[in-house]
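Every number here is computed from the coordinates shown, using simple stated rules; none is lab data. Here the structure is a predicted model, which means the values were calculated and not measured. Positions of Cβ are generated from backbone atoms using ideal geometry, with glycine treated the same way; all protein chains shown enter the neighbour counts.
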Amino acid sequence: MLERAAPAQADDADEVAEARAVLRDVFGHAAFRGGQGAAVDAVLAGGDAVVLLPTGGGKSLCYQVPAVVGHRRGRGTTIVISPLIALMADQVAALAGRGIAAAALHSQQDEVEQRGVVAAFLRGELALLYVSPERAAHAGFRRLLARVPVALFAIDEAHCLSQWGHDFRPEYLRLHELRELVSAPTIALTATATPRVMDEIVRALALRSPTVVRGDFRRPNLSFAVRHLRSDAERIEAAIAACDEVGLRSRGGSGRAILYCSTRKKTELVAEALKAAGFPVGHYHAGRTALARERAQAAFASGRTRILVATSAFGMGIDHPDVRLIIHMQSPGSLEAYYQEAGRAGRDGAPARCLLFFGAGDLMTQRRLQIGKGSGGAAELRVEDALAAIERYAGSARCRQQMLCAHFTGSEEHAVCGACDACVDPAAVREAPARAEAASAPPLGDAARQIILDAAGHLRRPVGKLNLARALRGSRAQGLSAGGLLQLPEHGALREESEAAIVATIDQLLRERKLERRGRRFPTVWLTGRPSRASAARSGEEGERPSRRREAAGGDLARELDRFRRRKARELKWKTYMVFQRRVIAAIERQRPASRSELERIPGLGAAKIERFGDELLAIVRRHGVGGVLGVGGVRAAD
């Protein structure tokens, strides 16, 4: 759904056409999507706009396209207010890769670099200049603005100005003063604003009859679920099972996962447990050194580690297309924070999972973290309001995606997703909070105990007790295949029993030493006294994994293209996706372009990247044979 208030259309038809040409030729997209066109037209016509698009909805194009058009037409530089240095650096690098003159001013630059940026700005060479809200409030920067034409102000992450938002930054409250210095349209953009916060953005920035764009917050490829888990051990075991289900154990596969924790201590605990369980994993939080954070982020971006455990310090501006799993190991402080972080999954449009582990203790943790950031009773009221919303979400049996969309749009008219836990198994979702409150489930009787022991005797290798319980209940999850759980004669034999009761029985058998634990950090279960055949099981698994990797990576051409983009990323000091995304590789492999004109029909490349990489790409294709069928219509809608 798209809402527009006081719609504004660009008067100059040539300018509108030029914006579409920039989108196609510079950014490599055939058409705007989900409200982008309305926002672009509004600011090209000289009006203000406020844009609410979900994470991955393409907010940046709403100001980058008019910035290029405005600069070409001599209107000046677009000033982008952005809250994070890493986010600025990523945006500038991506724009430079497309041949767009962009720069940033921030505190991590030395004096020589800052002077160079200021000189380029004063000469009118920059289409976009990124600055922090603190710098925008600085008197010296404001004096610069008086000397250079400004085409547009773009306020990114605009929810930061709201004390009802989850990332309040008081410096944002002074940004309206820029309008008193320079007469230029303003566009405010966010992915996480409720109707109340949207109204506050308009008032605080003194926007004049702005065009209001609310995008469609549905993410049909994402399946949301809530697990009511109390202990760290339960959550770690569930996280490991989920990572296994999406195939993240090997280093050479495709896809990745982000696991969010509320505290630095929990981040390190979870990362250590996953590493001990054999996963390629890194961790990221603000307490690590800048070099350690940079290395963790670089390893995750390159695929050397496929799982990153992080606090909320990681993620803003991160745009990896193939995140297959987002897990919140602890509840975040608000639905806004949750949807922003969960929305980093599945940006390539392929299916992805978003799991929230929830317990009453999470709310106490958030109260401790949040209370004190503000002052007085109003701050506590905002925290309690946010926590109440996420508690309702976790405890409800209503469609998860429907609830999230309603929270941001203020409308209840959203279709059910059909993919979340509440849609797939509403009875289990309704029962989950009550099951979690129970101190412990009673163990099962003798017949069930014997089934569990028989199943343990048929295992190919030790497995986690949660995975064993799921197999005995009849789960067909892909992650259960590694240990032969799907082939157990006892698969589904305890489908009438609860998962908690089966786990309680396994714990009892462990205490009685009829089952034994294997491993230290992440214990698995095995039949006591039975010889281990782990080496045979490993060889069986290794026989299966290469075929899965080949299938995920594509053919020889796709693999060479992937090696090419990784090599270029190292040479240019870019992130891999800035060279081109995986969907570009898939399109080249499918279409086998034989000329530059055919490369222009590959979605996501654009003129600058064809100019930079085109000859090398065509040479790679020639080595693998040309003659693929070109896609109809050439390019896709904007990401």
With unit charges on the beta carbons (Lys and Arg positive, Asp and Glu negative) and the dipole taken about the Cα centre of the stretch 554-624, which residue among 587, 606, 564 sits farthest to the positive side? 564
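In the chain, what % of DSSP beta bridges are antiparallel (nearest 5)? Before the final figure, lay out the partial values.
Values: 6 of 55 bridges.
Percent antiparallel among DSSP bridges in the chain is about 10.
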If I stretch the segment between residue 611 and residue 263 completely, what's the gain in nm (0.36 nm per residue apart, minus their alpha carbon distance), one decimal? 120.7 nm
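Going from the alpha-carbon gyration tensor of the stretch 222-437, what semi-axes, largest first and in whole Å, does one get by taking the root of 5 times each eigenvalue?
On the way: eigenvalues 136, 92, 57 Å².
Working through the eigenvalues yields semi-axes of 26, 21, 17 Å.
Given Cβ point charges of +1 (Lys, Arg) and -1 (Asp, Glu) and nothing else, what value in debye, to the nearest 20, does the dipole of the stretch 222-437 about its Cα centre take? Don't jump to the answer; show the numbers that get you there.
Details: 28 positive and 24 negative charges, 158 e Å.
I would put it at about 760 debye.
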Among 187, 85, 390, what is the fewest-to-most ranking by other Cβ atoms within 10 Å? 85, 390, 187
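Quick one: length gained pulling residue 381 to residue 292 fully straight, 0.36 nm per residue minus the C-alpha distance? Spell out each step's value before the answer.
Details: separation 89, 0.36 × 89 = 32.04 nm, distance 3.67 nm.
Fully extending the segment from residue 381 to residue 292 adds 28.4 nm.
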What lysines does residue 514 reach when the alpha-carbon gap must be under 18 Å and sequence neighbours fewer than 8 apart in one chain are set aside? 465
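Relative contact order for the chain: what percent, with Cα pairs under 8 Å and sequence separation of 6 or more? Please report the intermediate quantities before stating the final value.
Working: 1134 pairs, mean separation 95.3, N = 639.
About 15 percent, as a whole number.
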Any aspartates and glutamates with Cα under 16 Å of the residue 266 Cα? List them, leaving off those in the same chain fewer than 8 positions away. 232, 234, 237, 362
What list of ³J(HN,Hα) values in whole Hz, one per residue of the stretch 355-365 in order, does the Karplus curve 6.51 cos²θ - 1.76 cosθ + 1.60 (θ = phi - 60°) give from phi, with Gly and Pro shown as x? 10, 10, 8, 10, x, 4, x, 5, 5, 5, 4
Quick one: which residues, 5 or more positions from residue 250 or on another chain, have an amide H under 5 Å from its amide H? H modelled 1.01 Å from N in the peptide plane, none for Pro or chain starts. none
Going by alpha carbons, how many degrees (0 to 90, nearest 10) lie between the helix axis of 426-437 and the longest principal axis of the chain? 70
Where does each of 468, 335 land when they are ranked from fewest to most other beta-carbon atoms within 10 angstrom? 335, 468
Calculate the translational D of the chain in whole µm² s⁻¹ from Stokes-Einstein, where the hydrodynamic radius comes from the Kirkwood formula applied to all Cα pairs, the temperature is 37 °C and the viscosity 0.692 mPa s. 124
Before rounding to the nearest 500, sum -39500 (n - 2.57) across all DSSP H runs of length at least 4 in the chain and divide by the residue total; then give [θ] at 222 nm in deg cm²/dmol. -14000 deg cm²/dmol
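Cα convex hull of the stretch 554-624: mean projected area in nm², to one decimal? Mind dumping the intermediate values first?
Working: hull surface 16.2 nm².
Mean projected area of the Cα convex hull: 4.0 nm².
Per residue, how much space in cubic angstrom lies within the convex hull of the C-alpha atoms of the stretch 13-214?
Values: hull volume 22.0 nm³, N = 202.
Residue-normalised Cα hull volume stands at 109 Å³.
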